[in-house]
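The values are calculated or read from the model by the stated rules, or taken from the named source; none is laboratory data. Here the structure is a predicted model, which is why all the values come from computation and not from measurement. Quick reminder, even Gly has a Cβ in these numbers, built from the backbone with ideal geometry, and neighbours come from all protein chains shown. Note: accessible area is taken over every heavy atom of the protein model, side chains too, but ligands, DNA and RNA are not part of it. Shrake-Rupley method; radii C 1.70, N 1.55, O 1.52, S 1.80 Å.
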Amino acid sequence: AQSVTQLDSQVPVFEEAPVELRCNYSSSVSVYLFWYVQYPNQGLQLLLKYLSGSTLVKGINGFEAEFNKSQTSFHLRKPSVHISDTAEYFCALHGSSNTGKLIFGQGTTLQVKP
Amino acid sequence: ETGVTQTPRHLVMGMTNKKSLKCEQHLGHNAMYWYKQSAKKPLELMFVYNFKEQTENNSVPSRFSPECPNSSHLFLHLHTLQPEDSALYLCASSPRIPGQGNTEAFFGQGTRLTVV
């Protein structure tokens, strides 16, 4: 079975501070990994994805994530956050052998304070 | 704008009503999905359609009835819902290449459903 665990349900941080949102996964097959962002009353928007190749992946809005196979992690980072980054963030995976169905973590609420 | 459009954006219905949610994509994708997002809960996959065929029903109650007439359109027909069915219903689509684990899903903005 495959699963995704987001270790923090809420992350409060001050504006211009760095942030890391943690994601761990479990899978017996190779995986594709994604981070999505959801602003209030909106759908999910893709931030970045890891398919293969370089383990450091850069996405939109200054976010990046690092795939660590030995630690089965895919943590999301940003060196300096803005108020506008306040949103819900979801880590997701799907295995290389399944139908493309995404399995989501529980979500992390990033609260950026002035 | 992700290329996936859901209508209506908001819906209030009584428990005896029948209504439908609509999802449309013109991205050339072959797989479409319905997800339910309730407060304080993770996203729940409800249905998966691949090339218009339903490939997954995640133990969804029969009061939710999906329909996929073609690869561009997906409906969710609702009848005799319960208040606990109130949630944000998200549609998504993705390319589907057999044998290759593709990849990115594109989401609509969702329909906020309230059952009274």
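Quick rundown of the values:
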quantity	calculated
Per-region count, the range A:12-39, residues modelled with pLDDT of 90 or more and in a loop (DSSP other than H, G, I, E, B)	6
Residues of the range A:40-83 that turn out to be assigned to a loop (DSSP other than H, G, I, E, B) and within 11 Å of another protein chain (Cβ to nearest Cβ), as a count	6
Some residue of the range B:66-76 being at pLDDT 95 or above and in contact with a His (Cβ under 7 Å, 6 or more places away or on another chain)	yes
Hits in the range B:30-66 - residues which are part of a loop (DSSP other than H, G, I, E, B), of a type in the set (Ser, Thr, Tyr) and either at positive phi or without any contact (Cβ under 8 Å) to a residue 40 or more places away in the chain (or both)	B:Ser59, B:Ser62
Breaking point among (1) more than 18 Å from B:Phe106 (Cα to Cα); (2) open to solvent by less than 20 Å² (accessible area, probe 1.4 Å); (3) among the hydroxyl-bearing types (Ser, Thr, Tyr), for B:Tyr33	(1)
Residue among A:Lys101, A:Lys49, A:Lys113, A:Lys69 that is without any contact (Cβ under 8 Å) to a residue 24 or more places away in the chain, open to solvent by 80 Å² or more (accessible area, probe 1.4 Å) and among the charged types (D, E, K, R)	A:Lys69
Any chance B:Leu78 is open to solvent by less than 40 Å² (accessible area, probe 1.4 Å) and touching a helix residue (DSSP H, G or I) at 6+ places or on another chain (Cβ under 9 Å)	yes
Hey, A:Ala92 surrounded by 14 or more Cβ atoms within 10 Å (Cβ to Cβ), in contact with a Leu (Cβ under 6 Å, 6 or more places away or on another chain), under 18 Å from A:Arg22 (Cα atoms) and within 13 Å of another protein chain (Cβ to nearest Cβ) or not	yes
